[in-house]
Amino acid sequence: MNELVLPNDTNTLGNLMGGRLLHFMDICAAIAAQRHSHRTVVTASVDSVDFRAAVRLGEVVVLEATVTRAFTTSMEVWIEVWAEDNATGERRHCNRAYYTFVAVDQSGRPIPVPPLEPETEAERERFEAAARRRELRLVLAGRLRLEDAADLRQHLDALALAPPREDGGRG
Ligand SMILES: CC(C)(COP(=O)(O)OP(=O)(O)OC[C@H]1O[C@@H](n2cnc3c(N)ncnc32)[C@H](O)[C@@H]1OP(=O)(O)O)[C@@H](O)C(=O)NCCC(=O)NCCS
């Protein structure tokens with residue numbers, strides 16, 4: 001999806017406002033979830049979003065969203081954002097985030113979505129990791145107890161057991 005940054009989208013510095021960018025991201029990610037499920041979808045959560053680089057007035061916001069995994073009624077969507085300079089055609093990476101959408105019926109009740117089959121190695125890695133990301137966001141939302149988050153706990157245990165790296169980190 002492409003969006004041109006117009007004066008009404010910017011702050012007093014002439015940069016795209018964060019809320020406007022989140023709006024573009026929500027729409028782009030929702031379209032990916034709708035295309036997968038062929039259902040109406042609602043945003044259930046957005047994982048942490050870092051605004052790494054400003055997008056300037058007159059630039060084109062380029063958004064690319066992919067469904068990484070479908071669960072029962074929810075879908076995780078990975079979205080990446082670039083700013084494109086019209087004069088040079090160069091793109092800067094600005095933003096990335098995971099969104100979760102839930103397919104709903106006309107009364108707003110969650111309904112099942114088709115499964116997603118990952119094909120490439122990168123898709124398979126993101127698919128596998130989606131299970132623990134889902135558990136983490138449900139734990140943080142108070143919808144799942146940490147002791148019931150099996151994938152997440154297994155991952156945290158593996159990190160704790162991993163030997164420290166040279167920079168002092170683990171895993
Ligand atoms: C999202 C929503 C449909 C969930 O409905 P619910 O009755 O609480 O549904 P359930 O507890 O049965 O959960 C349904 C799915 O939502 C997922 N879900 C619920 N809360 C979530 C959260 N905070 N983060 C990620 N997923 C969540 C569940 O994991 C479940 O997925 P699964 O079926 O694939 O396992 C409901 O809370 C809602 O309508 N929220 C408002 C949505 C909205 O207006 N969005 C725009 C915000 S401005």
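The values are calculated or read from the model by the stated rules, or taken from the named source; none is laboratory data. What you see is a predicted model; the values in this text were computed from it and never measured. Note that we place each Cβ from the backbone using ideal geometry, even for glycine, and neighbour counts take in every protein chain shown.
Being over 11 Å from the mean Cα position of the chain (by Cα), part of a helix (DSSP H, G or I) and aromatic (F, W, Y) is a property that F51 lacks. Among the residues here, D9 qualifies as more than 27 Å from F127 (Cβ to Cβ) and among the charged types (D, E, K, R).
Go through the residues of region 50-62 one by one and say whether even a single one is charged (D, E, K, R), within 16 Å of the ligand (Cβ to nearest atom) and on the phi < 0 side of the Ramachandran plot. No, region 50-62 contains no residue that is charged (D, E, K, R), within 16 Å of the ligand (Cβ to nearest atom) and on the phi < 0 side of the Ramachandran plot. Checked against (1) closer than 24 Å to L21 by Cα; (2) modelled with pLDDT of 95 or more; (3) not in a loop (DSSP other than H, G, I, E, B), A131 passes all but condition (1).
Among the conditions (1) in the same structural domain as T40 (by TED's automatic domain parsing); (2) in contact with a Ser or Thr (Cβ under 6 Å, 6 or more places away or on another chain), R126 misses just one, which is (1). Tallying residues that are surrounded by 15 or more Cβ atoms within 10 Å (Cβ to Cβ) and near the ligand (Cβ under 10 Å from one of its atoms) within region 82-109 yields 7.
Put simply, of A149, A87 the only residue that is at pLDDT below 95, over 23 Å from the mean Cα position of the chain (by Cα) and among the small types (G, A, S) is A87. For region 76-88, does any single residue satisfy the condition of being on the phi > 0 side of the Ramachandran plot, in contact (Cβ under 8 Å) with a residue 24 or more places away in the chain and of a type in the set (G, A, S)? Scanning region 76-88, I find no residue that is on the phi > 0 side of the Ramachandran plot, in contact (Cβ under 8 Å) with a residue 24 or more places away in the chain and of a type in the set (G, A, S), so the answer is no.
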